[in-house]
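*Asks:* Next up is a structure, given as structure tokens.
The values are calculated or read from the model by the stated rules, or taken from the named source; none is laboratory data. Here the structure is a predicted model, which means the values were calculated and not measured. As a convention, Cβ positions derive from the backbone with ideal geometry for all residues, glycine included, and neighbour counts pool all protein chains shown.
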Amino acid sequence: MSKISAAITAVGGYVPDYVLTNKMLEGMVDTNDEWITTRTGIKERRILKEDGKGTSYLAIKAAQNLIDKSGVNPKDIELVIVATATPDMKAASTSAYTATHIGATNAFSFDLEAACSSFLYGMSVAARYIESGKYKKVLLIGADKNSSMINYEDRATCIIFGDGAGAVLFEPNQEGFGLQDEYLRSDGSGREFLQATYGGSSYPSTPEAIKEHKHQVFQDGKTVFKNAVFNMADVAVKILDRNNLTTKDISWLVAHQANKRIIDATANRIELQEDKVMMNIEKYGNTTSATLPLLLNDYESQLKKGDNLIFAAFGGGFTWGSIYLKWAYNS
Ligand SMILES: CC(C)(COP(=O)(O)OP(=O)(O)OC[C@H]1O[C@@H](n2cnc3c(N)ncnc32)[C@H](O)[C@@H]1OP(=O)(O)O)[C@@H](O)C(=O)NCCC(=O)NCCS
């Protein structure tokens, strides 16, 4: 019997209706549309406004979109992974709530957290379950309600992040399509440059911390930028070299949408032309765990069976990596 590989067989996505534009941010912090556009490529982002709705709301909507489009029976899904840096609550799995609400009542589920690399790492984990031969349907959802941890008085962060979710279904493939290779890394010395310090187990929230916005995201943008540019390009080159791929073999670069300049730098390093680089940062900003599946959802109609996709991501921690995947279907 030929080798089992883990193929993506369906995608779905969801972003909230509320649009926060650069112009609107001009009225909130000392910034302007021109600065945000030239420094980041972002024009607007989506925000989940309604009280009491968390990341699971986004995850459920994206999964339901996938189910509606593909016709998969939720009862056949065996595992639901929610990749997220913003779980609904502490001590209660966001994935369990999500799985139950999409009708995946025969599945087990867990959350996976690796900041902006959560979805990329989730692809690796989902693939191992499929490749084992024991699991036939694994649903991987990347979802984040970043607005829940952003300080809308801090221009260094509030211009970047948005809310959203995307979902992919992994199934076994014996024709050579699906996940081919991965190169995943992390480096804990990067933690100080991007974090929400209070509200976790090291420093539970205090009224003083909240007053000083220390429960919300802080980043040293320049240092994160430099590390993201170097490391995303580095892993993309490594995955190409390891698989004897040249630029002309690559159909698409699917890169984490953190900053257009970071994505352009990665594409330049592997000498990839612009029309092979998936880009939707202008519409959504950085949606953390949702950027990669939202790209697949937006570009699904342009993807062809056999296309070689190079994924690359970088996030807090630091965490980063690259994945090489052969697309398995024509839509
Ligand atoms: C945040 C980021 C967009 C800032 O861009 P940058 O080119 O590095 O800008 P700098 O921080 O050097 O700031 C340049 C100037 O613009 C100012 N500035 C910063 N944010 C601004 C904003 N929103 N609007 C206007 N001016 C701003 C700075 O104060 C600085 O002014 P100064 O020179 O007078 O001190 C960029 O560093 C970045 O994208 N970093 C990575 C972020 C990221 O990807 N995080 C998630 C990881 S997955």
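*Asks:* Looking only at residues in segment 11-38 that are in contact with a Gly (Cβ under 9 Å, 6 or more places away or on another chain) and of a type outside the set (Ser, Thr, Tyr), which one is farthest from Ser148 (Cα to Cα)?
*Replies:* Quick first cut of segment 11-38, residues in contact with a Gly (Cβ under 9 Å, 6 or more places away or on another chain) only: 11-16, 20.
Filter once more, so that each one left must be of a type outside the set (Ser, Thr, Tyr): 11-13, 15-16, 20.
Values: Val11: 25, Gly12: 23, Gly13: 20, Val15: 15, Pro16: 14, Leu20: 14 Å.
Result: Val11.
*Asks:* Quick one: in segment 288-301, of everything that is in contact (Cβ under 8 Å) with a residue 40 or more places away in the chain and more than 10 Å from Gly13 (Cβ to Cβ), which residue is farthest from the ligand (Cβ to nearest atom)? So that I can check it myself, show each step before the final result.
*Replies:* In the first step, residues of segment 288-301 are kept if they are in contact (Cβ under 8 Å) with a residue 40 or more places away in the chain; the result is 288-300.
Those still in the list that are more than 10 Å from Gly13 (Cβ to Cβ) too: 288-289, 291-292, 299.
Values: Thr288: 7, Ser289: 11, Thr291: 9, Leu292: 12, Tyr299: 20 Å.
Within segment 288-301, the match that is farthest from the ligand (Cβ to nearest atom) is Tyr299.
*Asks:* Also, I was wondering about something else. Got a number for residues in segment 206-219 being at negative phi and surrounded by 14 or more Cβ atoms within 10 Å (Cβ to Cβ)?
*Replies:* Initially, segment 206-219 is screened for residues at negative phi, giving 206-212, 214-219.
Retained after the next criterion (residues that are surrounded by 14 or more Cβ atoms within 10 Å (Cβ to Cβ)): 209, 214-219.
Number of matching residues: 7.
*Asks:* When you go through Ala115, Ala104, Ala92 one by one, which is the residue that is surrounded by fewer than 22 Cβ atoms within 10 Å (Cβ to Cβ) and among the small types (Gly, Ala, Ser)?
*Replies:* Details: Ala115 fails: surrounded by fewer than 22 Cβ atoms within 10 Å (Cβ to Cβ); Ala104 fails: surrounded by fewer than 22 Cβ atoms within 10 Å (Cβ to Cβ).
Criteria check complete, one pass: Ala92.
*Asks:* What's the number of the only condition in (1) more than 24 Å from Phe314 (Cα to Cα); (2) surrounded by 21 or more Cβ atoms within 10 Å (Cβ to Cβ); (3) touching a helix residue (DSSP H, G or I) at 6+ places or on another chain (Cβ under 7 Å) that Leu66 fails to meet?
*Replies:* Leu66 satisfies every listed condition except (3).
*Asks:* Is one or more of the residues making up segment 229-236 touching a Gly at 6+ places or on another chain (Cβ under 8 Å) and within 12 Å of the ligand (Cβ to nearest atom)? Lay out the reasoning, then the answer.
*Replies:* The first filter runs over segment 229-236 and keeps only residues touching a Gly at 6+ places or on another chain (Cβ under 8 Å), leaving 235.
Applying the additional criterion that residues be within 12 Å of the ligand (Cβ to nearest atom) yields none.
Checking segment 229-236: not a single residue is touching a Gly at 6+ places or on another chain (Cβ under 8 Å) and within 12 Å of the ligand (Cβ to nearest atom).
*Asks:* If Thr31 passes every condition in (1) within 23 Å of the chain's Cα centre (by Cα); (2) part of a loop (DSSP other than H, G, I, E, B) but one, which one does it miss?
*Replies:* Against the list (1) within 23 Å of the chain's Cα centre (by Cα); (2) part of a loop (DSSP other than H, G, I, E, B), Thr31 comes up short only on (1).
*Asks:* Hey, could you check segment 3-25 for residues that are outside any strand (DSSP E or B) and within 21 Å of the chain's Cα centre (by Cα) and say which is farthest from Gly133 (Cα to Cα)?
*Replies:* From segment 3-25, those outside any strand (DSSP E or B) are 3-4, 15-17, 22-25; that's our starting set.
Okay, now just the ones that are also within 21 Å of the chain's Cα centre (by Cα), so 15-17.
On the way: Val15: 34, Pro16: 36, Asp17: 40 Å.
Selected residue: Asp17.
*Asks:* Let me ask another. Could you check Asp181 against (1) closer than 29 Å to Thr40 by Cα; (2) within 19 Å of the chain's Cα centre (by Cα); (3) surrounded by fewer than 18 Cβ atoms within 10 Å (Cβ to Cβ) and say which number it fails?
*Replies:* All conditions are met except number (1).
*Asks:* On to the next question. Checking the condition in the same structural domain as Arg155 (by TED's automatic domain parsing) and free of Cβ contacts under 8 Å to residues at least 24 places away in the same chain, which residue from Gly71, Gly41, Gly54 passes? Lay out the reasoning, then the answer.
*Replies:* Working: Gly41 fails: free of Cβ contacts under 8 Å to residues at least 24 places away in the same chain; Gly54 fails: free of Cβ contacts under 8 Å to residues at least 24 places away in the same chain.
That would be Gly71, the only listed residue that is in the same structural domain as Arg155 (by TED's automatic domain parsing) and free of Cβ contacts under 8 Å to residues at least 24 places away in the same chain.
*Asks:* Identify the residue in segment 1-55 that is among the small types (Gly, Ala, Ser), under 30 Å from Tyr329 (Cβ atoms) and away from the ligand (no atom under 16 Å from the Cβ) and, among all such residues, is surrounded by the fewest Cβ atoms within 10 Å (Cβ to Cβ).
*Replies:* At the first step, the residues of segment 1-55 found to be among the small types (Gly, Ala, Ser) are 2, 5-7, 10, 12-13, 27, 41, 52, 54.
From the residues that got through so far, the ones that are under 30 Å from Tyr329 (Cβ atoms) too are 2, 5-7, 10, 12-13, 41.
Narrowing further to those that are away from the ligand (no atom under 16 Å from the Cβ): 2, 5-7, 10, 12-13.
Details: Ser2: 8, Ser5: 21, Ala6: 27, Ala7: 25, Ala10: 23, Gly12: 26, Gly13: 27.
Only one residue tops the list, namely Ser2.
*Asks:* Which residue, of Asp275, Asp249, is touching a residue at least 12 places away in the same chain (Cβ under 8 Å) and among the charged types (D, E, K, R)?
*Replies:* Values: Asp275 fails: touching a residue at least 12 places away in the same chain (Cβ under 8 Å).
After applying the criteria, what remains is Asp249.
*Asks:* Give the residue that is nearest to Ala83 (Cα to Cα), with candidates limited to residues of segment 291-309 that are within 14 Å of the chain's Cα centre (by Cα) and either assigned by TED's automatic domain parsing to the domain that holds Asp163 or among the aliphatic types (A, V, I, L, M) (or both). Can you show your working first?
*Replies:* Taking segment 291-309 and keeping what is within 14 Å of the chain's Cα centre (by Cα), we get 291-298.
If we keep only those that are either assigned by TED's automatic domain parsing to the domain that holds Asp163 or among the aliphatic types (A, V, I, L, M) (or both) as well, we get 292, 294-296.
Details: Leu292: 11, Leu294: 13, Leu295: 16, Leu296: 16 Å.
Checked segment 291-309; the qualifying residue nearest to Ala83 (Cα to Cα) is Leu292.
*Asks:* Quick one: Pro204 ticks every box in (1) more than 14 Å from the ligand (Cβ to nearest atom); (2) outside any loop (DSSP other than H, G, I, E, B) bar one, so which box is it?
*Replies:* It is condition (2) that Pro204 fails.
*Asks:* Surrounded by fewer than 23 Cβ atoms within 10 Å (Cβ to Cβ), in contact (Cβ under 8 Å) with a residue 24 or more places away in the chain and at negative phi, is that true of Ser109?
*Replies:* Numbers: surrounded by fewer than 23 Cβ atoms within 10 Å (Cβ to Cβ): yes; in contact (Cβ under 8 Å) with a residue 24 or more places away in the chain: yes; at negative phi: yes.
In short, yes.
*Asks:* Which condition breaks for Lys3 when tested against (1) touching an Asp or Glu at 6+ places or on another chain (Cβ under 6 Å); (2) closer than 30 Å to Ile77 by Cα; (3) basic (Lys, Arg)?
*Replies:* Lys3 satisfies every listed condition except (1).
*Asks:* Another one. Restricting segment 144-191 to residues that are among the basic types (Lys, Arg) and either assigned to a strand (DSSP E or B) or more than 16 Å from the ligand (Cβ to nearest atom) (or both), which is nearest to Ser117 (Cα to Cα)?
*Replies:* Step one: of segment 144-191, the residues among the basic types (Lys, Arg) are 145, 155, 185, 191.
Then drop every residue that is not either assigned to a strand (DSSP E or B) or more than 16 Å from the ligand (Cβ to nearest atom) (or both), which leaves 145, 185.
On the way: Lys145: 15, Arg185: 10 Å.
Ranking the candidates gives Arg185 first.
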